[in-house]
Amino acid sequence: MILGKINNIENTTWNKLIFTISFFLILFFPERNLAQTTSDGQIWLDTELNYTYKLRHLFQDEISYQTLVSGETRWQSINMTPVYEYNVNSYLDLVSGIPLSYTIQDKAMSTFEVRTMVGARIYFTPYKRYQTRLLSRWEYRWSYDHESDSWETGNRFRFRGEFLYPINRPSFYSDNMWYTITDAEVFFSSGGDISERFANRTRLRAGIGYRLNYKLRFEAIYTCQISRNTINDNFDAISNILRLRFKYYFK
């Protein structure tokens, strides 16, 4: 009887996950919008350093190298994202940060971007084995173009729904744990004068992670990123991204 109930719970969880993925696929990937697209391949290498103070305060810094490995024009980008999170309760985190990015588009063009970011993470299932949550962020962006020697500014909203599931352990606080990562994120630019090819984006991610212990964690994530200029335009480009991430937590 007990095993039967557990199986029913697990089946219900996976049914919800399948429904969620199918919903996002239907909503963001209609067949008519995927015609005449371009595609490329990218690799992102991340190192994430975390420090928790008195359980409620998290200081995080992510350093990332990103590059195009297949496509028209190869670019390279170095990013640093210092973030502060405050845990209000089991259902809510408040998030702020100042992401920095330097991108070399080609020999004649490079850009530097500074953002201020504020947001919130809502936990829908804080006491469950699996984790479902929503991360919403607002960003104000300053972008400097070295070629034109000018600054541009703009606003952007980001919303990401996440689902995490521990494979071989009963919770996310166990060592030697494998877990899955599934999420979908949408980007909306709400005005400004930043000259960029794609103002609106959608990302679908799926990956696997391993927690060796409290300090060390590793993740490998595949991201399908689609881009378009406005919410009413067709999708113009698809990027296939392999993201490898190393996480370290200081005690």
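Key figures for this structure:
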quantity	calculated
Which numbered condition Phe187 misses (of (1) modelled with pLDDT of 95 or more; (2) of a type in the set (Phe, Trp, Tyr); (3) crowded, with 18+ Cβ neighbours inside 10 Å; (4) under 25 Å from Ser96 (Cβ atoms))	(1)
Criterion violated by Arg74 - all others in (1) assigned to a strand (DSSP E or B); (2) open to solvent by 40 Å² or more (accessible area, probe 1.4 Å) satisfied	(1)
Of residues in segment 206-231 being in a strand (DSSP E or B) and more than 18 Å from Thr47 (Cα to Cα), the one modelled with the lowest pLDDT	Arg228
Contacts under 9 angstrom Cβ, first residue in segment 52-65 being on the phi > 0 side of the Ramachandran plot, partner assigned to a strand (DSSP E or B), 6 or more apart	Leu55/Asn87
Hits in segment 96-108 (condition: of a type in the set (A, V, I, L, M) and farther than 20 Å from Gly154 by Cα)	Ile104, Ala108
Flag for Tyr173 being touching a Phe, Trp or Tyr at 6+ places or on another chain (Cβ under 9 Å), in contact (Cβ under 8 Å) with a residue 60 or more places away in the chain and over 23 Å from Ala237 (Cα atoms)	no
Scope segment 41-60; condition within 25 Å of Gln225 (Cα to Cα) and not polar (S, T, N, Q); matching residues	Gly41, Ile43, Trp44, Leu45, Asp46, Glu48
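The values are calculated or read from the model by the stated rules, or taken from the named source; none is laboratory data. All figures in this text were calculated on a predicted structure; none of them were measured in a lab. Quick reminder, even Gly has a Cβ in these numbers, built from the backbone with ideal geometry, and neighbours come from all protein chains shown. These area figures cover heavy atoms from the full protein model, side chains too; ligands, DNA and RNA do not enter into them. Shrake-Rupley method; radii C 1.70, N 1.55, O 1.52, S 1.80 Å.
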